[in-house]
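The values are calculated or read from the model by the stated rules, or taken from the named source; none is laboratory data. Remember, predicted model here, so these are calculated numbers, not experimental data. Glycine gets a Cβ as well: all are built from the backbone with ideal geometry, and neighbour counts include every protein chain shown. Side chains included, ligands, DNA and RNA excluded: accessible areas come from the protein's heavy atoms. Shrake-Rupley method; radii C 1.70, N 1.55, O 1.52, S 1.80 Å.
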Amino acid sequence: ELGGYAHFMQKEIFEQPESLRNTLRGRLMRDEGDARLNGLQLTDEEIRSFDRVLILGCGTSWHSALVGRHFIETLAGLPVDVEYASEFRYQRPLPLKNTLAVAVSQSGETADTLEAMKAARERGARVVGVVNAVGSSIAREAHGGIYLHAGPEVGVASTKAFTSQLAALLLLGLHLGRRRSLTVEQGREVVEAMAALPAMIEQTLKLDDELARIALTFSEASNALYLGRGVSFPVALEGALKLKEVSYAHAEGYPAAELKHGPIALIDDDMPVIVVAPADHIFSKVVSNVQEVRARGGQILVITTEGNRDLSAVADREVAVPATHELLSPLLTVVPLQLLAYHIAVLRGCDVDRPRNLAKSVTVE
Ligand code: M6R
């Protein structure tokens, strides 16, 4: 079952080139620069009638939603709100006119997400699902949607579902965008970049040995900070969640510039600080944020892009992922964070696939 891997989490991390290919299969329209999403069940007219998008989810799926906000705002030009499903369901019931609500869930059985999507529908939103488990409650409750086809995810820590959720949300952004104001050329650029991602994840997985070595230096720390900005901020949140879940170390994700508003007080010589800093339009700002950490100690690991400028002056360690379209970097930068959390958990002797107190799907409130 484990096919030579020690744990399901490890197997599922390494399956990502394949799971991503499965999510993309038959959906990328190269000539048209478009995404084929027949299951969405939305007419072009309906798509043009939306004036906002609301994405709902919990845990890792909420992190995907936060990245998805950037995808949809950039590609479709629609304002996007992201809510924790558990919070949204008890909010004051304001009407949701002309709203596309998107429920993101790997299992399709998360109680809070299921109830939140019902609440969104009652308020007037059109609700679609981004779901992995075929025929699950959330898939059935949705008007239409996008299945991930990532295959069963067994490890309690979500890994391959996250990258497939990002791919599905990109497809959604592309599909909505092409029916609104995204040009064929702009669409083609995204399609080409997406088509190249599975091979780039394969490439990124080669960092495994290096991350296993880096894990040795972090394995005894009881705290860690993860930083990122823009699309990389939710990746930082996801990296911190992975570490907390499987290694029981306390970790926090922050937008890098928020550090000086409080959390920088935590930095001392032993604090591991993991910075998600791909070469994008905000990179130089992130470097200045890292310099602020550097000046106060901190063991800094930077996840950046191959061929980016030399970071040895600001980072103790650095790993680089292949260069892609700047919007797509989260699908690559998250992989080293998954590997790092995995190796740290193994070194700490934790039950990686069944962390204490956690269930694979949370079907109670
Ligand atoms: O099945 P879902 O995507 O709805 O699950 C949501 C969360 O419970 C889930 O992502 C949880 O946070 C994972 N353990 C994260 O690794």
inquiry  = For the range 82-100, give me each residue that is loosely packed, with under 15 Cβ neighbours inside 10 Å and of a type outside the set (S, T, N, Q).
reply    = GLU87, TYR90, ARG92, PRO93, LEU94, PRO95, LYS97
ask   = Residues in the range 330-352 that are open to solvent by 10 Å² or more (accessible area, probe 1.4 Å), in contact (Cβ under 8 Å) with a residue 40 or more places away in the chain and not in a helix (DSSP H, G or I): how many?
value = 2
task = Among what's in the range 217-275 and is within 26 Å of LEU358 (Cα to Cα) and free of Cβ contacts under 8 Å to residues at least 24 places away in the same chain, pick the residue that is most open to solvent (accessible area, probe 1.4 Å).
result = GLU220
The range 241-257, residues that are touching a Cys at 6+ places or on another chain (Cβ under 9 Å) and within 9 Å of the ligand (Cβ to nearest atom) = VAL246
message = Here is a check on your reading of the model: is SER136 within 13 Å of the ligand (Cβ to nearest atom), open to solvent by less than 10 Å² (accessible area, probe 1.4 Å) and over 16 Å from the mean Cα position of the chain (by Cα)?
response = yes
request  = Report, by residue number, each residue of the range 139-156 that is free of Cβ contacts under 8 Å to residues at least 40 places away in the same chain and either buried (at least 24 other Cβ atoms within 10 Å of the Cβ) or on the phi > 0 side of the Ramachandran plot (or both).
outcome  = ALA142
key: Leading residue by the ranking (farthest from GLY298 (Cα to Cα)) among those in the range 206-240 that are more than 16 Å from the ligand (Cβ to nearest atom) and hydroxyl-bearing (Ser, Thr, Tyr)   = SER232
inquiry  = Please go through the range 21-56 and give me each residue that is over 30 Å from GLU365 (Cα atoms), polar (S, T, N, Q) and not in a loop (DSSP other than H, G, I, E, B), ordered by number.
reply    = ASN22, ASN38, SER49
inquiry  = Six or more apart or on different chains, Cβ atoms under 8 Å: show the pairs whose first residue is in the range 157-184 and open to solvent by 10 Å² or more (accessible area, probe 1.4 Å) and whose second is within 16 Å of the ligand (Cβ to nearest atom).
reply    = SER158/GLY59; SER158/THR60; SER158/SER61; SER158/GLN106
message = Suppose the filter is in a loop (DSSP other than H, G, I, E, B), touching an Asp or Glu at 6+ places or on another chain (Cβ under 6 Å) and either surrounded by 24 or more Cβ atoms within 10 Å (Cβ to Cβ) or not acidic (Asp, Glu) (or both); does THR324 pass it?
response = no
